[in-house]
Amino acid sequence: MAAPLPMMKFWKPGLEAPGVGEERELSSEIGGSPVIYNPLSSLSIEKQRQKLPVFKHRNHILYLVENYQTVVIVGETGSGKSTQIPQYLLEAGWAAEGKVIGVTQPRRVAATSVASRVAEERGALLGHEVGYTIRFDDCSDPHATRIKFLTDGMLVREMMADPLLKKYSVLMLDEAHERTLYTDIAIGLLKKIQKKRRDLRLIIASATLDAKKFQEFFNLNESGDPNKDTCRILTVEGRTYPVDIFYTVSPVPDYVKATVETVLKIHETEGDGDVLAFLTGQEEVERVVSLLVEQARALSRFGMKKHLRVLPMYAGLPYQEQMKVFERAPPSVRKVVVATNIAETSITINGIVFVIDCAFVKLRAYNPKTAIESLVVTPISKASATQRAGRGGRNRSGKCFRLYTEEDYEELPPVTVPEMQRTNLSPVILQLKALGIDNVLRFNFLSPPPAQSMVQALELLYALGGLDQYGRLTEPMGVRMAEFPLSPMFAKMLLESGNFGCSKEIVTIAAMMQIQNVFLSPPNQKKAAAREHRKFAVAEGDHLTILNVYEAFIKHQKSSQWCQEHFLNYKGLLRAVTVREQLRRLMTKFKVPRTSSEGDPDVILKCIVSGFFANAARLHHSGSYRTLRDDRELHIHPTSVLYAEKPPKWVVFNEVVQTSKYYMRDVTAIESSWLVELAPHFYKQAKNRSIGSKRAKMT
DNA sequence: GAGCACTGC
């Protein structure tokens, strides 16, 4: 029986224009498959192009690009900027004499789907005049491609081979307001390049809030005379529908329950239209889904005409389950998508009219004092709240129910802290060093990270042998580490694996560790999944366990059926095969011998220690663990195969996540003597240590 | 006995 519904009280303070310059009507799919369009005649394509709001600004944009080194374009959702501006530049001759117009995107799907749309508009085959480059997939022609879409991470990689990016005449950084790690790195580096290449033009596509910041950053005019400015802002209106915003009258004690109540209230009192609810994590999503499914059953028993179809959406969900949120529901059914932040930018679901926003998000945080990264539930920014609301105004006017008061909204920070300021910087610093930035502390960061984070990164890179005592990249170790598309610890482990005689196994382990959610546990089959997963488990820990999984996957001819039976992530495992191949090629390039441990686990474990010695912990008499670096309390994560086992005395781990406690993930048992043997500079014997030492004593 | 936002090279 359905419990009586407590009434949620909302009031409506007025209209708010949605959309923070997001534009993703193309990517209504995930997983990299481009969207397929109906064939259109060239005439109707031309007409459609001219109807886009950005078309009115065509000449003005070209004028600004001609006369200013940098143009910041504030392009609202639906303005058409991502697809049109590159074409205007092409038509105006910016790709003459073999030059290329480059457009970056933070995500792979966006790069491929926008590229295919533009190719289609030009009647071109993708990969010729219009192409894209993302990791593992280069669909561009070095001679023929004039407009190239790429991920911003890929652009940074290209700078390693071509530091001045000579082949580009114009670079457009799309979605720059998202401030992803690689967008920020690219921005700092491009400013440096611009000083040497006055001919290079930049277009920064951003949201209103950040436009001024970008302009100030890129304005090279120091004369004080505004006529000599090198950067200008242009705003292009979008095309979206209004979204009514509703706040609660009083604070909500439990947003999970409030989400369920609000969905039911919408269902009872509102007209047609699908619902999208934002929550912070998988657990919350599943809880809301099961509560709603229960209520929906009760409602249908009471003869409610319209049915509810409740669907979860988060990154860890198996692919087939994810695809269900894109299926259109019949008119008699209302679709309710309960999602994590994945639905804020990464995917777009058509037909959403009602949005429910809990005001929270799970974000990565980094503690520069302890060098521990964690995931923390944090209040969202105003920009995020606007973005979420805008998800309801894409096809027609919508409504957004915010599960917080208007006063609470006013307290939210304007924008989210850039990733650069809340991450472990060792991969960033290594990359910058490889790009010839000697003094990283003085690098032109758009938002400088905490100095302590940089110091931690420099210390770790030194301990790994990637930097010398003067902070210079070492040859060959540091140079090679920077070439790997992995964190420096993984790169070190791979480069050492030849010496340990286990490079075949290590390259598999490294590839597998890049895949999230290797093991699937569907909410209703948890027991069965755990039983299957145990078959791969070994006492040494998680690293050798995932090695077993990969080898079994290959032994069973990469069968998807086999994956399903063992509750393993088939798409993830296929990706591991590709990643492994890329890593193996780099190993061959650096002449790392291809060796196998032939069943001896110890050499593999020692090799892991050679990269991960900084992440070591010892068993404390309390039953928990303590880091060797600074004696912090840690616990084995419940997903580790070591969780239920007799706890080993010494372990290394891949990462720490902080939820209710600090949990080590991907944990492997080691011998303490290996630490002294393999990282003597990092862990010296107790007798030489002073009391105030940063490094903990070995016992 | 108890838990894994999201990208990207």
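The values are calculated or read from the model by the stated rules, or taken from the named source; none is laboratory data. Note that the structure is predicted; figures quoted are calculated from it, not measured. So basically every Cβ, Gly included, is an ideal-geometry build from the backbone, and we count neighbours across all protein chains shown. The area values use the complete protein model at the heavy-atom level, side chains included, leaving out ligands, DNA and RNA. Shrake-Rupley method; radii C 1.70, N 1.55, O 1.52, S 1.80 Å.
Remarks
- Of residues in the range A:130-148 being within 11 Å of DNA strand B (Cβ to nearest atom) and hydrophobic (A, V, I, L, M, F, W, C), the one farthest from A:Ala111 (Cα to Cα): A:Phe136
- Across the range A:113-129, the number of residues qualifying as away from DNA strand B (no atom under 12 Å from the Cβ) and either in a helix (DSSP H, G or I) or aliphatic (A, V, I, L, M) (or both) comes to 11.
- For the range A:79-94, the tally of residues that are hydrophobic (A, V, I, L, M, F, W, C) and open to solvent by 10 Å² or more (accessible area, probe 1.4 Å) stands at 3.
- Qualifying residue in the range A:504-519 (condition: surrounded by 18 or more Cβ atoms within 10 Å (Cβ to Cβ) and among the small types (Gly, Ala, Ser)): yes
- Within the range A:52-68, residues that are open to solvent by less than 30 Å² (accessible area, probe 1.4 Å) reach partners that are of a type in the set (D, E, K, R) with beta carbons closer than 6 Å, at six or more positions or on different chains, in the pairs A:Pro53/A:Glu237; A:Pro53/A:Arg239; A:Val54/A:Lys81; A:Leu64/A:Arg232; A:Val65/A:Arg201.
- Among (1) open to solvent by 30 Å² or more (accessible area, probe 1.4 Å); (2) among the polar types (S, T, N, Q); (3) more than 26 Å from the chain's Cα centre (by Cα) - the single one A:Ser597 does not satisfy: (1)
- Members of the range A:632-669 that are surrounded by fewer than 23 Cβ atoms within 10 Å (Cβ to Cβ) and among the polar types (S, T, N, Q): A:Thr639, A:Ser640, A:Asn654, A:Gln658, A:Thr659, A:Ser660
- Subset of the range A:468-498 (residues that are outside any helix (DSSP H, G or I) and on the phi < 0 side of the Ramachandran plot): A:Asp468, A:Gln469, A:Tyr470, A:Arg472, A:Leu473, A:Thr474, A:Glu475, A:Pro476, A:Phe484, A:Pro485, A:Leu486, A:Ser487
- Qualifying residue in the range A:102-109 (condition: surrounded by 21 or more Cβ atoms within 10 Å (Cβ to Cβ) and more than 16 Å from DNA strand B (Cβ to nearest atom)): no
- Restricting attention to the range A:354-372, the residues being in contact with a helix residue (DSSP H, G or I) (Cβ under 8 Å, 6 or more places away or on another chain), within 21 Å of A:Ala277 (Cα to Cα) and open to solvent by 40 Å² or more (accessible area, probe 1.4 Å) number 1.
- Matching residues, the range A:383-431, being touching a Phe, Trp or Tyr at 6+ places or on another chain (Cβ under 7 Å) and part of a helix (DSSP H, G or I): A:Ala385, A:Arg388, A:Glu406, A:Tyr409, A:Met420
- Scanning the range A:646-661 for residues that are more than 9 Å from DNA strand B (Cβ to nearest atom) and not hydrophobic (A, V, I, L, M, F, W, C) yields a count of 6.
- Every condition in (1) in contact with a Ser or Thr (Cβ under 6 Å, 6 or more places away or on another chain); (2) open to solvent by 50 Å² or more (accessible area, probe 1.4 Å) holds for A:Leu375 except the one numbered (1).
- The residue that is farthest from A:Gln516 (Cα to Cα), among those in the range A:572-583 that are open to solvent by 50 Å² or more (accessible area, probe 1.4 Å) and in contact (Cβ under 8 Å) with a residue 60 or more places away in the chain, is A:Thr578.
- Positions within the range A:520-538 being within 10 Å of DNA strand B (Cβ to nearest atom), open to solvent by less than 70 Å² (accessible area, probe 1.4 Å) and touching a helix residue (DSSP H, G or I) at 6+ places or on another chain (Cβ under 8 Å), in sequence order: A:Leu520, A:Ser521
- Taken as a whole, the condition of being more than 30 Å from A:Leu291 (Cβ to Cβ) and of a type outside the set (S, T, N, Q) does not apply to A:Phe567.
- Looking only at residues in the range A:149-179 that are of a type in the set (Lys, Arg) and more than 11 Å from DNA strand B (Cβ to nearest atom), the one that is nearest to A:Asp210 (Cα to Cα) is A:Arg179.
- Some residue of the range A:388-397 being touching an Asp or Glu at 6+ places or on another chain (Cβ under 6 Å) and either more than 30 Å from A:Ala161 (Cβ to Cβ) or within 16 Å of DNA strand B (Cβ to nearest atom) (or both): yes
- Residue check for A:Ala614: touching a Leu at 6+ places or on another chain (Cβ under 7 Å) and either assigned to a helix (DSSP H, G or I) or open to solvent by less than 40 Å² (accessible area, probe 1.4 Å) (or both): yes
- Within the range A:240-269, considering residues that are open to solvent by 50 Å² or more (accessible area, probe 1.4 Å) and touching a Lys or Arg at 6+ places or on another chain (Cβ under 9 Å), the one nearest to A:Arg334 (Cα to Cα): A:Tyr241
- Checked against the criterion of being free of Cβ contacts under 8 Å to residues at least 40 places away in the same chain and crowded, with 22+ Cβ neighbours inside 10 Å, the candidates A:Leu430, A:Leu403, A:Leu461, A:Leu441 yield just one match: A:Leu461.
- Residue match in the range A:473-492 (condition: without any contact (Cβ under 8 Å) to a residue 24 or more places away in the chain and open to solvent by 60 Å² or more (accessible area, probe 1.4 Å)): yes
- Yes/no for A:Val507 being within 16 Å of DNA strand B (Cβ to nearest atom) and farther than 21 Å from A:Leu317 by Cβ: yes
- Top-ranked residue in the range A:181-232 [being touching a residue at least 60 places away in the same chain (Cβ under 8 Å), farther than 17 Å from A:Thr416 by Cα and part of a loop (DSSP other than H, G, I, E, B); ranked as most open to solvent (accessible area, probe 1.4 Å)]: A:Arg198
- Boolean, A:Ala365 is within 12 Å of DNA strand B (Cβ to nearest atom), closer than 14 Å to A:Val285 by Cα and not assigned by the TED database to the domain that holds A:Ala110: no
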